[in-house]
Amino acid sequence: MTGCVCKSFFIQGSSTPPLPPIYFRHSNSGAPPSSALNFTSLGLKASQSHAHGLPWKRFNAHSVLPDNGGWDSGNKNGGGGGGGPFESSSWWWHEDGDSSLSGPLFFSSLLLCAAVCCFCHLRLACALASSSEECEAVWEVRGGKWTKLVPDFVQDAFVIAHQVGSGSLSAANLWLQSKHVCMRLMLPEGYPDSVTSDYLEYSLWRGVQGVASQISGVLATQALLYAVGLGKGAIPTAAAVNWVLKDGIGYLSKIMLSKYGRHFDVNPKGWRLFADLLENAAFGMEMLTPAFPHLFLLIGAAAGAGRSAAALIQAATRSCFYAGFAAQRNFAEVIAKGEAQGMVSKSFGIMLGIALANHIGSSTALGLASFSMVTWIHMFCNLKSYQSIQIRTLNPYRASLVFSEYLLSGQASPVKDVNEEEPLFPAVPFLNSKSANKAHSVGLSSNAKEAAAEIERRLQLGSKLSDLVNNKEDVLALLSLYNEEGYILSEHKGRYCVVLKETSSLQDMLRALFQVNYLYWLEKNAGYEARGTSVDCKPGGWLHLSLEYVRREFNHVKNDAESAGWVTDGLIARPLPNRIRPVYVA
């Protein structure tokens with residue numbers, strides 16, 4: 001029967017999709033509910049064969065007509081003949097008065113049976129359709145939207161479970177539709193599963209700061225126009241020449257700053273905040289041009305240089321953030337949605353900036369006051385957005401904090417705790433002071449924090465081997481000890497100096513940093529100290545002891561860090577360009 005076939009199909013289909021907030025109640029998917037298969041109320045018995053039509057081969061005259069005459073009840077041959085309706089002696093060909101009503105009675109019986117079977121089929125399909133929502137359902141997932149589908153056995157297809165108000169123009173329906181459109185345009189496909197948990201908070205703060213940034217830009221542009229005398233009858237050509245010179249000189253800063261690009265990957269949060277500060281400083285300089293119109297070119301060029309440098313740093317660090325957000329390796333989509341969000345923020349910012357500029361007019365004092373307020377909002381939102389980011393790659397500070405906590409407690413530090421503890425400006429300690437009201441990270445010990453800060457200060461990647469040793473014995477001892485490693489580590493004048501070989505990889509640098517952390521642990525907790533390079537390389541020396549520990553435990557700490565959410569494919573650092581190529585002569 002079609003209803004049974006459809007039932008089996010829907011049950012098989014409903015076990016494939018992901019498990020939404022509904023559970024399957026019937027384990028036997030091949031049999032429909034007993035209430036749907038009960039034919040007792042219809043006055044019929046269910047046969048073993050369920051076909052669409054009547055079971056023609058099972059019908060004969062005996063099942064419809066009385067047994068007293070058989071097929072030939074009007075025949076004088078005794079009745080009960082089983083020759084079939086097409087025999088010459090059957091009632092089919094007789095037209096006598098006794099059998100004249102047999103033909104109409106037979107066709108009436110067939111028609112009645114067909115009607116009853118069709119009615120049973122429809123009742124069964126309706127019963128299965130009404131109970132399908134209780135038994136099984138399929139969820140269609142499109143991005144972050146889940147749509148519940150249930151089988152319709154009448155239409156032999158899946159339909160949406162509840163289509164209430166689909167064609168209405170109610171406020172609730174319009175809000176849902178608008179929300180769906182905004183999420184599809186502004187958020188990556190599959191949100192929130194396609195990105196990390198910190199993506200939304202970052203995007204919200206960035207949206208507010210984008211509005212503030214555009215307001216500052218409108219105010220600064222207005223000040224520049226007044227400075228060149230655009231509202232005082234100045235010659236348009238002269239204004240255009242000054243404007244081109246201002247931007248042309250500013251572009252040089254972007255070219256000069258590009259050589260420092262390797263620093264941006266190590267500490268992207270700090271550099272991005274510095275770029276925002278530099279951008280606001282450039283806007284502030286442009287706000288001062290109406291007070292010094294004769295210095296327009298100088299101030300405009302300096303402001304343009306600052307804005308160009310800020311744009312370079314922002315573009316370089318943006319990729320680091322977006323790469324961390326792409327939980328499903330959907331880098332391009334995350335970047336595209338980020339640009340769409342930025343355009344929306346800029347549009348609102350430009351409109352608000354124009355409205356504010358119309359109220360300010362040519363008043364320099366009122367313009368500076370408004371600019372100061374907007375700049376504070378801009379920097380505060382930037383700070384909050386960067387603090388919400390959870391970078392999962394390992395730079396020297398984050399790796400040292402993870403390794404130090406592992407050596408102290410045997411557990412890898414969570415990504416969130418380490419990012420909250422990491423300073424935005426490691427080179428400027430007084431800018432990293434935390435608020436007294438800020439709760440300390442529960443999963444990080446104070447000893448691990450001190451160790452990470454001390455190790456980052458004393459670490460030197462890419463040291464020269466000639467600066468560490470001055471005799472042949474020390475050189476041979478180091479080369480022999482680190483023969484199978486991609487680096488050479490030694491302590492020199494209180495610093496942990498890592499000499500990188502020509503074949504060193506990011507993984508080798510991460511391995512070297514783990515050994516540095518163990519050396520620091522031996523120094524603080526076991527009383528070990530450097531006694532000479534050749535002595536430290538011998539069995540029992542702290543270089544030899546620490547290297548043996550690295551070879552035994554590095555894979556364990558690496559696996560634990562990966563389980564905690566860290567990316568352990570290498571160390572993100574800016575080593576010095578010095579490399580060595582050991583040559584072993586027989």
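Computed with a 1.4 Å probe over protein heavy atoms only, the accessible area of ARG495 comes to about 90 Å². Taking 7 Å steps out from each Cα toward its Cβ at GLU523 and ARG262 produces label points 2.5 nm apart. Give the shape of segment 198-388 as rounded, prolate or oblate, defined through the alpha-carbon gyration tensor: a ≥ b ≥ c are the square roots of its eigenvalues, a/c under 1.5 means rounded, and otherwise the shape is prolate if a/b is larger than b/c and oblate if not. In terms of gyration-tensor shape, prolate. Sparsely packed loop sites in segment 483-586 (the GluC sites (Glu not before Pro) outside DSSP H, G, I, E and B with at most 14 other Cβ atoms within 10 Å) comprise GLU484, GLU502, GLU529. A 1.4 Å probe, protein heavy atoms only, puts the accessible area of THR375 near 20 Å².
The protection proxy used here, the mean number of other Cβ atoms lying within 10 Å of each residue, ranks peptides 359-365, 170-176, 292-298, 472-478 as follows, highest first: 472-478, 292-298, 359-365, 170-176. 3J(HN,Hα) along segment 404-413, derived from phi through the Karplus expression 6.51 cos²θ - 1.76 cosθ + 1.60 where θ = phi - 60°, amounts to 5, 5, 5, 5, 8, 10, x, 10, 7, 6 Hz, with x in place of Gly and Pro.
For ASN395, the residues 5 or more places off, or on other chains, whose built amide H falls under 5 Å of its own are ILE572.
Remark: spin-label model distance ILE160-LYS416 equals 3.5 nm, labels positioned 7 Å along the Cα→Cβ axis. Can you check how the C-alpha radius of gyration of segment 278-431 compares to 2.2 N^0.38 Å, as a plain ratio? Rounded to two decimals, the normalised Rg is 1.36.
Per residue, how many Å² of accessible area does segment 198-388 show with a 1.4 Å probe?
So segment 198-388 comes to 48 Å² accessible per residue, rounded to a whole number.
Computed 3J(HN,Hα) for segment 493-509, one whole-Hz value per residue from the Karplus formula 6.51 cos²θ - 1.76 cosθ + 1.60 where θ = phi - 60°, is 6, x, 10, 8, 9, 10, 8, 9, 7, 5, 9, 5, 10, 5, 5, 5, 5, glycine and proline marked x. Protein heavy-atom surface of segment 198-388, 1.4 angstrom probe: 71% of the accessible area is carbon and sulfur, with nucleic acids and ligands not counted. Amide H to amide H, with H built 1.01 Å from N, SER445 comes under 5 Å of no residue 5 or more places away or on another chain. What's the center-to-center distance, using Cα atoms, between segment 485-501 and segment 357-413 in Å? Distance between centres, Cα-based: 34 Å. Note on exposure: ILE488, ILE215 ranked by accessible area (1.4 Å probe, complete protein assembly) read ILE215, ILE488, with the most exposed listed first. Its Cα centre serving as origin, segment 257-376 has a Cβ charge dipole (Lys and Arg +1, Asp and Glu -1) of approximately 320 debye.
Entry for segment 512-586 at q = 0.24, 0.27 Å⁻¹: log10 I(q)/I(0) = -1.14, -1.18, Debye formula applied to identical alpha-carbon scatterers, no solvent contribution. With the simple spin-label model, which puts each label point 7 Å out from Cα in the Cβ direction, the LYS384 to ASN578 separation comes to 4.7 nm.
The values are calculated or read from the model by the stated rules, or taken from the named source; none is laboratory data. It should be emphasised that the depicted structure is a prediction, and the values quoted were computed from it without experimental measurement. Note that each Cβ is placed from the backbone with ideal geometry, even for glycine, and that neighbours are counted across all protein chains shown. All accessible areas refer to the heavy atoms of the entire protein, side chains included, with ligands and DNA or RNA removed. Shrake-Rupley method; radii C 1.70, N 1.55, O 1.52, S 1.80 Å.
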